[in-house]
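The values are calculated or read from the model by the stated rules, or taken from the named source; none is laboratory data. Remember, it's a predicted structure, so these values are computed and weren't measured experimentally. Cβ placement follows ideal geometry from the backbone for every residue including glycine, while neighbour counts extend to all protein chains displayed. Accessible surface areas use protein heavy atoms only, side chains included; no ligands, DNA or RNA. Shrake-Rupley method; radii C 1.70, N 1.55, O 1.52, S 1.80 Å.
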Amino acid sequence: MRVLGIETSCDETGVAIFDSEKGLLGDALYSQVKMHAEYGGVVPELASRDHVRKLLPLLDETFAKAGLEKGNVDAIAYTSGPGLIGALMVGASTGRALAMAWGKPAIGVHHMEGHLLAPMLEAEPPEFPFVALLVSGGHTQLVRVDGIGQYELLGESLDDAAGEAFDKAAKMLGLDYPGGPLIAKHAAKGDRARFRFPRPMTDRPGMDFSFSGLKTFTLNTANSHRDAEGVIDPQTVCDIAAAFEEAVVDTLAIKCRRALQATGFGQLVIAGGVSANQRLRERLELMVSKERARLFYARPEFCTDNGAMIAYAGCQRLLAGQSDDLAIVTKPRWPLNTLDSI
Ligand code: KG4
Ligand code: ZN
């Protein structure tokens with residue numbers, strides 16, 4: 001089965017064609033980050049308008065890359081939630097309209113299920129069951145995964161998501177949006193031992209997270225190192241970035257170890273934008289080797305938002321006989337553990 005995937009839930013327009021026999025046939029992505037950087041974060045209305053501008057050209061590009069006539073797919077998958085309502089509407093209404101015009105079935109995909117299954121696109125995919133750490137701009141969740149749609153939430157963030165914490169810490173240090181990659185870049189030049197930041201909620205049992213205290217700690221540290229003009233010297237910016245990254249990575253690793261031990265599973269999957277973080281990958285590789293487990297993640301461009309993960313997730317559900325009716329449904333809030341299993 002050949003499936004067209006469309007992702008427009010936030011600030012990336014992603015399109016891809018996935019074939020269940022041949023794998024990924026083509027994909028294209030447009031990131032709006034430059035436009036939003038000027039405002040220090042995603043401006044929802046601008047995001048929706050830019051998706052409208054970019055989606056049709058990206059569809060043409062993807063079919064051309066795949067060497068296929070436009071419409072030569074068996075079905076269409078589009079992100080129907082969670083995400084920004086206006087942004088979601090662009091992908092959902094376009095996906096639905098194309099499905100109607102081409103006489104094909106279509107399905108709305110859960111964005112986080114897309115992230116969770118993205119490592120399945122790699123050469124050595126994980127096998128069910130596994131533990132998944134979902135770390136994106138909007139979510140931080142530890143999930144027991146027994147199969148597609150069989151998700152049991154083991155823990156989640158009680159306040160900010162990990163990616164959101166990266167973005168806010170970056171802002172405090174005067175770095176651009178999105179902050180995750182920039183914190184990582186500066187942290188690489190930092191002295192990881194100069195500051196010691198707290199590891200929130202690791203001194204008590206459980207697998208929930210909280211990043212708001214860490215955010216305050218970062219702000220206080222940054223403020224105490226500003227000169228009369230409010231400027232922090234470049235090396236101190238790197239040192240604070242390193243301490244912050246170290247604290248987040250360490251906290252995530254401690255909770256992931258607990259999840260492996262609680263489930264007895266031997267595989268850990270990390271997905272979502274923050275799973276692109278090199279330090280996180282290194283730290284988790286070390287942890288899983290001690291636990292005699294294995295770590296799985298997607299290539300960096302499939303950790304952040306993309307169309308391939310939506311095409312893949314939609315394809316699995318369509319193959320199982322699922323599809324949605326003609327109504328254009330978007331769900332800005334949509335708990336992962338309410339999905340049907342296949
Ligand atoms: O999955 P994603 O593209 O979008 C959402 O579904 O939210 O994740 C975006 C988030 C942003 O907060 C960004 O700062 C973070 O992922 N991110 C990173 C890295 N690359 C992206 N955080 C830490 N290190 C990175 N290398
Ligand atoms: Zn995402």
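Going 7 Å from the Cα of Arg204 in the Cα-to-Cβ direction, what parts of region 135-159 have a backbone nitrogen less than 15 Å from that spot? Within reach of a label on Arg204: 156-159. Taking a ≥ b ≥ c as the square roots of the Cα gyration tensor eigenvalues, region 223-323 comes out oblate, since a/c reaches at least 1.5 and a/b does not exceed b/c.
When you filter the trypsin sites (Lys or Arg not before Pro) in region 1-50 for DSSP loop state and at most 16 other Cβ atoms inside 10 Å of their Cβ, you are left with Lys22. Summing charges over all other residues whose Cβ lies under 10 Å from the Cβ of Thr8, with Lys and Arg as +1 and Asp and Glu as -1, gives -4.
Computed extension length for Gln235-Ser93: 46.3 nm, one decimal, from 0.36 nm per residue of separation with the Cα-Cα distance subtracted. Working from label points 7 Å from Cα in the Cα-to-Cβ sense, the Gln322 to Lys22 distance is 2.7 nm. Pairs over the 32 Å Cα-Cα cut-off, from the set Lys34/Lys70; Lys54/Lys255; Lys34/Lys331; Lys290/Lys331; Lys189/Lys255; Lys54/Lys168: Lys54/Lys255; Lys290/Lys331. If a/c stays under 1.5 just call it rounded; otherwise compare a/b with b/c (prolate if a/b is bigger, oblate if not). Do that for region 30-165, with a ≥ b ≥ c from the square roots of the Cα gyration tensor eigenvalues. Oblate is the answer for region 30-165, as a/c is 1.5 or above yet b/c matches or exceeds a/b. For region 1-96, applying the loop criterion from DSSP together with a ceiling of 11 other beta carbons within 10 Å to the GluC sites (Glu not before Pro) yields Glu21, Glu38, Glu69. Measuring from centroid to centroid over Cα atoms, what is the spacing of region 5-30 and region 313-330 in Å? That distance is 16 Å. For a quick check of your reading of the filter: which chymotrypsin sites (Phe, Trp or Tyr not before Pro) in region 13-121 sit in a DSSP loop and have no more than 14 other Cβ atoms within 10 Å? Of the chymotrypsin sites (Phe, Trp or Tyr not before Pro), the ones in loops of region 13-121 whose Cβ has at most 14 other Cβ atoms within 10 Å are Tyr39.
Helix 307-319 axis versus longest C-alpha principal axis of the chain: approximately 50°, rounded to the nearest ten.
On a per residue basis, the chain carries 42 Å² of accessible surface, using protein heavy atoms and a 1.4 Å probe.
Since only Ile107, Gly86, Gly163 are under comparison, the one whose Cα sits farthest along the positive direction of the charge dipole of the chain, derived from C-beta charges on Lys, Arg, Asp and Glu, is Gly163.
Principal-axis analysis of the Cα atoms of the chain puts helix 212-223 at an angle of about 50° to the longest axis.
Counting charges near Val90 (Lys, Arg +1; Asp, Glu -1) among other residues having Cβ under 13 Å from its Cβ returns a value of -1. Using a cutoff of 8 angstrom between alpha carbon atoms and counting only pairs six or more residues apart, the relative contact order for the chain works out to 25 percent.
Per-residue extension of 0.36 nm, minus the Cα-Cα distance of Asn72 and Glu156, leaves a gain of 26.2 nm for this segment.
Protection proxy ranking for 116-129, 164-177, 140-153, using the average of other Cβ atoms within 10 Å per residue and placing the highest first: 164-177, 140-153, 116-129.
Each stretch of four or more DSSP H residues adds -39500 (n - 2.57); spread over every residue of the chain, this sum gives -13500 deg cm²/dmol at 222 nm. On region 63-136, 55 percent of the accessible area sits on carbon and sulfur atoms, based on a 1.4 Å probe.
Applying 0.36 nm per residue to the separation of Asn337 and Glu291 and subtracting their alpha-carbon distance, the gain on full extension is 13.9 nm.
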